[in-house]
Amino acid sequence: MNDMNIEIHHVTRVEGHGNIYVNVKKGVVEKCEWQVPEAPRFFEAMVLGRQWNELHHVTSRICGICSIGHTLASLKATEAAMGITISDQDLKLRKLALHAENMQSHILHLGFLVLPDLLGAGSVIPLASSNPQEVKTVLRLHRLANEMSNLLCGRTTHPQRLIPGGFSKIPSIKELVALKKKMQAAIPDLQAVAKLIKSAAGKLPNFVRETEFIALSSPDEYALYDGQIASTDTGKAPVNEYLTFTNEYIVPRSTAKWTKHNRDSYMVGALARFNLNYDKFSPWTKQVADMFGLKPTCYNPFMNSIAQLVETVHSVEDSIRLINELENAGLKPQPDYFKPEIKVKAGRGVGAVEVPRGILFHDYTYNAKGVCTKANCVIPTNQNHANIDLDMKALVPTLLDKSQKEIELACEMLVRAYDPCISCSTHYTTVHFV
Amino acid sequence: MQKPRVAFFDFAGCEGDQLQVANLEEDILALLGQVDIVTFREVMKEHSDQYDIAFVEGSCTRLLDEDRLKQIRKNAKVVVALGSCAAIGGINCIRNYKDLEEVRRTVYGDQAKLFDTYAARPIDAVVKVDAYVYGCPINKEEFLQVVKSLLLGKKPDIPTYPVCVECKKNENVCAFERGQFCVGPVTRAGCDSCCVNEGTICWGCRGLVDNPNENSHKEVLIKYGLTVDDAIGKFKLYFGWQEAKR
């Protein structure tokens, strides 16, 4: 390999716009860069001056794919600022909503965005003719996750029922039990998808780069809705101290802010959660990880997709458990158009939630009238940009004996493994070999 | 007969409308029987500049977006604005009420000058648009209805009456009766009053209805002891561009 220019403008099969630039001269990598040119959206400025009961509606629009996660992080920040507590029943229902979104997003990523690379196709569209059974299995699981979002949130994208203090409307126990039965019946589909991915997992590059992983962690469960911030380098800290972890900074080639903590970069998302919280999985879920030889601490970012598969299994299992608990406790009904009584007061609150792509923070300050005077949102993909960039800088030199096409594919697969949500992080993906 | 070639594009937005297309699940397979999707960056590697119908999601928020949008217009026979951000400017227009310099400084501090922006606007502020799919997010059924109409060469049937009509039909208890403010009386219907059905209010995501009856909306405000200030806050959520144009 002598000279090579790779310029991938707007990497495909990712959410948002990003670019990859690689320049090799006489067999030496001169430039290798991840750029984010997405149009900035200024949400933190948009919410200033708005009322406390509107913020979750506005910030949900940061991202269509993780709108449930943004809504929940937003509600948790508002609730923390005003000292609002929610019932144990609502907590369980919110955890179910979060599982629904994680399943929907993970299945979309695995089935629509990653699988074509593993099966050598450009997209899921030709797979619909070449592998109709497999595609239909993926669609069935995706539909089930969306049905679950509909039931918990009133719709699939930009939830309606989630409001400060609880829910405006809740499902009936009959609907929840019907959902549970569908989830139990979907287990063979899940196993089929795991086997399909296993059959092609040899295509995932065996690339390793040590890094720091950050995720929520809880002594009680595999942390998604609640927990402390945990780092594989420095241990645990309360959510209120998130700024000492995220340390956002501006990179001129990116409209998304980047972050770093104990090293030059860290990784968030399914693999980070897997590495930090593996011991909270059930034996059944661990079996799926075993199929792929996935054990903590795994430093191969391409295995993030496999960690998503493992989490999907966990979400199905944990959702069934949560519905059983709701059934046993007896679901307490609430009035139609429910609006919890809330005493508005001044204060600051931080909400952290694990969303499909990693740990998400919303931080709001309100005045005594409940008007937002300061806001900060730190999005998972922002936290991964520096790690993607450093992975690429480590990956490309190991591939110089390969063709340009193979290198391009490996770089794109690396970016896709992170399942970036670039709209969220500002928002966009492009590979440029310059 | 050759199938129409369809492309999807996105500008400043959350890509939730394209996600709604993905959420059609098995119906996508039926759609693929009728059209060839040739560009859809979110889901496919392949790309083509030859397409008949372009679906565009997101608002135009930068001068440099305009060139890309104009090229799409040039390539396509039909341009469809997909979702509120593209169709009416949507939630992005909240910032149009603020000093944009200050908005940039709030988010990017002393490096604000690196991040070019102008008032967020719907795509028809830049290019001619042939059809609109409203909503934040779009309604899947309405999307399919618009696609079917376009394939048959018909004008899509989009309601020109307010959300209240659907809400009454759904026998909801009026949000005003519940002591809440709602912009359903001036918002374009077609969503089947989905948010009120879920126990909240209409936030106005489909934009102002054609010829909104503001006087009767004001009467409603007075009847329920609400003020124009209550209305203005909610109007600023989605109506920013439409209000500025009136």
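Just so it is clear, none of the values below were taken in a lab; they were calculated from the coordinates. Because the structure is predicted, anything quoted here is derived from the model rather than measured. Don't worry about glycine lacking a Cβ; one is built from the backbone with ideal geometry, like all the others, and counts go over all protein chains shown.
The fraction of all Cα pairs in the stretch B:79-174 landing in successive 5 Å bins from 0 to the largest distance is 3, 11, 15, 16, 16, 12, 10, 8, 6, 3, 0, given as whole percents. Across the stretch B:32-41, rounded Karplus estimates of 3J(HN,Hα) from the backbone phi angles (6.51 cos²θ - 1.76 cosθ + 1.60, θ = phi - 60°) give 5, x, 9, 9, 9, 7, 9, 9, 6, 4 Hz, Gly and Pro being marked x. Averaged over peptide B:199-206, the number of partner chain Cβ atoms lying within 10 Å of each residue's Cβ comes to 5.
For the stretch A:43-432, taking Cα atoms only, Rg and Dmax work out to 20.4, 66 Å respectively. Using alpha carbons only, how many degrees (0 to 90, rounded to 10) separate the axis of helix A:304-329 from the longest principal axis of chain A? For A:304-329 against chain A, the angle is about 10 degrees. Close amide H pairs (under 5 Å, H built 1.01 Å from N) link A:Ser254 with A:Val36, residues at least 5 positions away or on another chain. As a length-normalised measure over Cα pairs under 8 Å and 6 or more apart, the relative contact order of the stretch B:5-151 settles at 28 percent. The GNM of chain A, with springs linking C-alpha atoms under 10 angstrom apart, assigns the highest mean-square fluctuation among A:Ala194, A:Ala375, A:Ala121 to A:Ala121. Using θ = phi - 60° in the Karplus curve 6.51 cos²θ - 1.76 cosθ + 1.60, the 3J(HN,Hα) couplings for the stretch B:9-18 round to 9, 9, 10, 6, x, 9, 6, x, 6, 5 Hz; x is entered for Gly and Pro.
Tell me, rounded to the nearest percent, the portion of alpha carbon pairs in the stretch B:1-140 spaced more than 27 Å apart. More than 27 Å apart: 24 percent of the Cα pairs in the stretch B:1-140. Give me the percent relative contact order of chain B, please, defined on Cα pairs under 8 angstrom at least 6 residues apart. Contact order relative to length: 19 percent. Roughly how far apart, in whole Å, are the Cα centres of the stretch B:57-85 and the stretch B:120-162? After rounding, the separation between the Cα centres reads 14 Å. Rg over Rh for the protein assembly as shown works out to 0.94, using Cα positions for both radii and the Kirkwood form for Rh.
Sort the stretch A:114-243 into rounded, prolate or oblate with this rule: let a ≥ b ≥ c be the square roots of the eigenvalues of the Cα gyration tensor; rounded if a/c is under 1.5, and if a/c is not under 1.5, prolate when a/b is larger than b/c, oblate otherwise.
Numbers: a/c = 2.26, a/b = 1.11, b/c = 2.03.
Because a/c hits 1.5 or more and a/b fails to exceed b/c, the stretch A:114-243 counts as oblate.
How large is log10 of I(q)/I(0) for the stretch A:208-257 at q = 0.13, 0.18, 0.27, 0.32 Å⁻¹ when the intensity is taken from the Debye formula with one equal scatterer per alpha-carbon? Debye intensities relative to I(0), on a log10 scale: -0.41, -0.70, -1.02, -1.15. Couplings for the stretch A:23-31, taken from phi via the Karplus curve 6.51 cos²θ - 1.76 cosθ + 1.60 with θ = phi - 60°, read 10, 10, 10, 6, x, 10, 6, 8, 8 Hz in order; Gly and Pro are left as x.
Is the stretch B:163-245 best put as rounded, prolate or oblate by its Cα gyration tensor, with a ≥ b ≥ c the root eigenvalues, rounded for a/c under 1.5, and otherwise prolate when a/b is larger than b/c, oblate when not? Here the stretch B:163-245 falls in the oblate category. Our summary gives chain A a relative contact order of 32 percent, counting only alpha carbon pairs under 8 angstrom and 6 or more residues apart. Relative to the longest principal axis of the Cα atoms of chain B, the long axis of helix B:214-223 makes an angle of roughly 40 degrees.
With +1 assigned to the C-beta of every Lys and Arg and -1 to the C-beta of every Asp and Glu, and no other charges, what is the dipole magnitude of the protein assembly as shown about the Cα centre in debye, to the nearest 20?
Values: 79 positive and 80 negative charges, 131 e Å.
Roughly 620 debye, rounded to the nearest 20.
Using a/c under 1.5 as the rounded threshold, could you call chain B rounded, prolate or oblate? The axes a ≥ b ≥ c are square roots of the C-alpha gyration tensor eigenvalues, and prolate needs a/b larger than b/c, oblate otherwise. Oblate is the answer for chain B, as a/c is 1.5 or above yet b/c matches or exceeds a/b. Projected label points at A:Val177 and A:Gln51, each 7 Å from Cα along the beta carbon direction, are separated by 3.9 nanometres.
Suppose every Lys and Arg Cβ carries +1 and every Asp and Glu Cβ carries -1, with no other charges. What dipole size does the stretch B:77-236 come out with about its Cα centre, to the nearest 20 debye?
Numbers: 21 positive and 20 negative charges, 71 e Å.
That gives the stretch B:77-236 a dipole magnitude of about 340 debye.
Within 10 Å of each Cβ of A:53-64, how many other protein chain Cβ atoms are there on average?
Details: counts 2, 5, 0, 0, 8, 4, 1, 4, 13, 2, 5, 13.
For peptide A:53-64, the averaged partner shielding equals 5.
Checking every one of the trypsin sites (Lys or Arg not before Pro) in the stretch B:109-169 against DSSP loop status and a limit of 13 other Cβ atoms within 10 Å picks out B:Lys128, B:Lys154. Mind checking which of A:Pro116, A:Val58, A:Pro340 is farthest towards the positive end of chain A's charge dipole, using Cβ charges of +1 (Lys, Arg) and -1 (Asp, Glu) about the Cα centre? The one lying farthest along the dipole's positive direction is A:Pro340. Between the Cα long axis of helix A:404-417 and the first principal axis of chain A there is an angle of about 10°, rounded to the nearest 10.
Counting Cβ atoms of other protein chains within 10 Å of each residue's Cβ and taking the mean over peptide A:149-157 gives 4. Among A:His314, A:Asn146, A:Gly69, pick out the residue whose Cα is farthest towards the positive end of the charge dipole of the stretch A:43-432, where Lys and Arg carry +1 and Asp and Glu carry -1 on C-beta, about the Cα centre. With unit charges placed on the Cβ atoms, the residue in question is A:Asn146.
Label zone of B:Glu141 (point 7 Å out along Cα→Cβ, amide N under 20 Å): in the stretch B:195-224 this covers B:195-207.
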